[in-house]
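Structure record follows, encoded as structure tokens.
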Amino acid sequence: MSEPLLRVEKLSVEFKKFKALTDVDLCVNEGEVRVVIGPNGAGKSTLMDLITGKTKPTSGKVYFRGEDITGKEPYVIAEKYKIGRKFQNPNIFNMMTVYENIEVALSGYNTVFKSLFFRRTPETRAKIDTVLEKIKLSGKRDIIASSLSHGERQWLEIGMVIAQDPALIILDEPTAGMTAAETYKTGEMIKELLAEHTVIVVEHDMDFVKQVAQIVTVLDQGQLLAEGTFEEIEKDPRVIQVYLKDDAEQ
Amino acid sequence: MLGKLKKLPVNRYIDAGILVFLLVFPLFANNYRVGFMGKTAAYMIFALSLDLLWGYTGLMSFGHAVLFGLGGYMVGLSFTFSGGVPDFMSRMGITELPWFASVLQNEYIASLLGIIIPGALAAILGYFIFYSKVKGIFFSLITMALAQIFETFFANQSAITNGTSGLGGLPRRFFGIELRVKPFYYLTVGVVILVYALCLRLSCSRFGKALTSIREDENRLSFVGYNPAKFKIAVFAISGMLAGLAGMLFVPFNGMISPTELGINLSTSVLVWIAIGGRGNLTGAMLGTLIVNWLQTLLSEFSADIWPLVLGGMILAVIFVIPTGIVGKLKELQYNANARKTLREISQKEELPNE
């Protein structure tokens, strides 16, 4: 079997003796859409933090295209290995315009030297326009990001990820906190992304999961609980128990 | 063309106004006033350099005058050593110049060092500060300590720097060119225009956008693939070189340089000028410098005690009424008007049936 795009091996992390993640394995192939689900505190976001270099693991390895990227700095992982990430809470540059947000994220000019001599060429403009079109913010390009609605901020961040030309996209709860109309629009946007990219999505919304997932990974209390197609997962007694327990608590 | 001109942000008109004002000022003023305005022009370069660092990148340096003063001291020492052992040294019984004097005696090398040394100091400091992830207020504290250290150091090395009295009787020279007040003033204004153009170019470039992103959310920027530390070191070094250049232009107008020129006092003053003018748009730095310095001279002639009161009032007014500064407020008003228009157009479009 050929090397998968992303391979996570026995990844563990401890925060002051609290085991946030224990021996998690994960393989994502090129072109795949992987959904990671699990109750609150299952370690979903922690896993994403470890892949993107935000947190360093206590043990275990992360391989990207067979190369060991464990514990590398976030900017190396983003620039060299092209892993783009959308955060759980929209994480954008507030006091900059929509256009500038996308422009900064545009791939390929990230060193001091290159950025000094970067010029807006017709190609870069066209590329930014395409991204703005995709995230439906063309009309608001000159609006300062802090005055956008919550949904629009999420889209802007998705746009920033697209502008990075990523080989792997990580979406952390892209529809969290959105209105029904916004969730629908976001779903459409993400479906477009899924067609062109390898994506890992962390999501709660089961309808959404059912729609997009090829393989679902279930995490619980920092451990891998189950992995399989949505139908398999849906019937898995352990998963049902975890989610039922979660529901019962609420 | 006219349409493009109309779309310019409001502060570009103010920039043009300030530059025109600087150019015509000597036509209506005596040499004393021109000398004062020359100092202000040098201060403008200094403020522009700090605006890159504070306004754009969000790094509030409390010791920026160190870099300004180092530039000034390089040329100051050069002029002092050029005539052999200066009086203050012979009075102390020193008959030989220090080892580095032969280097500084070459005016061109000294002038270059006036730019390179502040830049290098900033780069080295930046390397240690930013790679060890020192952030926010701690950067301000370190730079403030630096200002205190340098001020004390230059005051104590009286065998070389003439201590707190400083180096006096300095000629009006810049890179080997000696001029009378008005021509030298125009030379300085020329440099202001060049530095302004450079800062404008930097801030509009992708480099400038990256700096602004660092101010907004440094961590996010690293997830887009930038190494924020490198950008911060680069901007600190550029800012240091410009500050040194400003110091080199200030000294000839002032005729002397003393340790107060690289201490906390001037470091905080320049922060106040930028805060009043508005940070992060270049214009505010220049406008604030001009307003505060001019008011200070005018009011000091009028009454000795009134200036601190007025300055205090201005600082309070800026903090409570216009936290973004004069130019920041104007930009806000312009942006709000434009944004309202854009949003109205969007909502009108959406109301139309999509057919």
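The values are calculated or read from the model by the stated rules, or taken from the named source; none is laboratory data. Computed from a predicted model, the values in this text were never measured in an experiment. Here Cβ is always computed from backbone atoms with ideal geometry, including for glycine, and neighbour counts include all displayed protein chains.
Annotations for the structure displayed:
- Residue within segment B:131-145 that is in a helix (DSSP H, G or I), more than 22 Å from the chain's Cα centre (by Cα) and within 14 Å of another protein chain (Cβ to nearest Cβ) present: yes
- Applying the set (1) within 25 Å of B:Trp294 (Cβ to Cβ); (2) within 14 Å of chain A (Cβ to nearest Cβ); (3) assigned to a helix (DSSP H, G or I) to B:Ala275 leaves exactly one unmet item: (2).
Quick grid of which residues meet (1) without any contact (Cβ under 8 Å) to a residue 12 or more places away in the chain; (2) away from chain B (no Cβ under 13 Å); (3) assigned to a loop (DSSP other than H, G, I, E, B):
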{"site": "A:Arg119", "(1), (2), (3)": "yes, no, yes"}
{"site": "A:Lys127", "(1), (2), (3)": "no, yes, no"}
{"site": "A:Lys136", "(1), (2), (3)": "no, no, yes"}
{"site": "A:Trp155", "(1), (2), (3)": "no, yes, no"}
{"site": "A:Gly159", "(1), (2), (3)": "no, no, no"}
{"site": "A:Ile170", "(1), (2), (3)": "no, no, no"}
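- Checking each residue of segment A:129-137 against the condition of being assigned by TED's automatic domain parsing to the domain that holds A:Glu103 and more than 21 Å from the chain's Cα centre (by Cα) gives at least one match.
- Unmet criterion (only one of (1) assigned to a helix (DSSP H, G or I); (2) closer than 23 Å to B:Gly58 by Cβ; (3) of a type in the set (S, T, N, Q)) for B:Asn281: (1)
- As a summary of the residue check, A:Ala105 satisfies the conditions (1) within 11 Å of chain B (Cβ to nearest Cβ); (2) over 30 Å from A:Ala181 (Cα atoms) except for the one numbered (2).
- Residues being of a type outside the set (A, V, I, L, M) and part of a helix (DSSP H, G or I) - total across segment A:213-237: 6
- Among the residues making up segment B:89-111, those that are in a helix (DSSP H, G or I) and either small (Gly, Ala, Ser) or within 19 Å of B:Leu262 (Cβ to Cβ) (or both) are B:Ser90, B:Ala101, B:Ser102, B:Leu104, B:Ala110, B:Ser111.
- Number of positions in segment A:35-79 that are within 14 Å of chain B (Cβ to nearest Cβ), surrounded by 18 or more Cβ atoms within 10 Å (Cβ to Cβ) and aliphatic (A, V, I, L, M): 6
- Of residues in segment A:80-102 being facing chain B (nearest Cβ under 7 Å) and not hydrophobic (A, V, I, L, M, F, W, C), the one surrounded by the most Cβ atoms within 10 Å (Cβ to Cβ): A:Arg85
- Among the candidates B:Ala304, B:Ala317, the residue that is among the small types (Gly, Ala, Ser), over 21 Å from the mean Cα position of the chain (by Cα) and in a loop (DSSP other than H, G, I, E, B) is uniquely B:Ala304.
- Selection from segment B:190-245 of residues that are within 9 Å of chain A (Cβ to nearest Cβ), charged (D, E, K, R) and in contact with a Gly (Cβ under 7 Å, 6 or more places away or on another chain): B:Arg215
- Of all residues making up segment A:1-52, the number that are under 13 Å from the mean Cα position of the chain (by Cα), free of Cβ contacts under 8 Å to residues at least 12 places away in the same chain and closer than 17 Å to A:Arg65 by Cα: 0
- Annotation: of all residues in segment B:321-335 being in a loop (DSSP other than H, G, I, E, B) and surrounded by fewer than 17 Cβ atoms within 10 Å (Cβ to Cβ), the one that is farthest from the other protein chains (Cβ to nearest Cβ) is B:Val321.
- The set of residues in segment A:194-212 that are more than 17 Å from A:Ala176 (Cα to Cα) and part of a loop (DSSP other than H, G, I, E, B) contains only A:His197.
- Residue count for segment B:61-88, restricted to those that are in a loop (DSSP other than H, G, I, E, B) and within 30 Å of B:Ile137 (Cα to Cα): 4.
- Selection count, segment B:11-41, where residues are farther than 19 Å from B:Trp273 by Cβ, surrounded by 18 or more Cβ atoms within 10 Å (Cβ to Cβ) and either among the hydrophobic types (A, V, I, L, M, F, W, C) or modelled with pLDDT of 95 or more (or both): 1
- Condition met for B:Phe153 (buried (at least 19 other Cβ atoms within 10 Å of the Cβ) and either modelled with pLDDT of 90 or more or away from chain A (no Cβ under 14 Å) (or both)): no
- When B:Lys7 is tested against (1) of a type in the set (D, E, K, R); (2) without any contact (Cβ under 8 Å) to a residue 40 or more places away in the chain; (3) within 20 Å of B:Lys182 (Cα to Cα), only condition (3) is not met.
- Hey, A:Thr186 away from every other protein chain (no Cβ under 11 Å), within 30 Å of A:Leu50 (Cα to Cα), hydroxyl-bearing (Ser, Thr, Tyr) and assigned to a helix (DSSP H, G or I) or not: yes
- The listed residue being at pLDDT below 90 and out of contact with any strand residue (DSSP E or B) (no Cβ under 9 Å at 6 or more places or on another chain), out of A:Leu156, A:Leu116: A:Leu116
- Within segment B:164-214, restricting attention to residues that are of a type in the set (Gly, Ala, Ser) and either free of Cβ contacts under 8 Å to residues at least 40 places away in the same chain or exposed (fewer than 13 other Cβ atoms within 10 Å of the Cβ) (or both), the residue that is nearest to B:Val20 (Cα to Cα) is B:Gly190.
- Subset of segment A:185-242 (residues that are hydrophobic (A, V, I, L, M, F, W, C) and closer than 14 Å to A:Ile169 by Cα): A:Met189, A:Ile190, A:Leu193, A:Leu194, A:Ala195, A:Val199, A:Ile200, A:Val201, A:Val202
- Hey, B:Phe207 at pLDDT below 95 and farther than 16 Å from B:Gly58 by Cα or not: no
- Counting only residues that are in contact with a Ser or Thr (Cβ under 7 Å, 6 or more places away or on another chain) and assigned to a helix (DSSP H, G or I), segment B:221-260 holds 12 of them.
- Enumeration of residues in segment B:99-123 that are farther than 18 Å from B:Gly72 by Cβ and surrounded by 14 or more Cβ atoms within 10 Å (Cβ to Cβ): B:Ala123
- B:Leu104 vs. criteria aliphatic (A, V, I, L, M), over 19 Å from B:Thr143 (Cβ atoms) and free of Cβ contacts under 8 Å to residues at least 24 places away in the same chain: no
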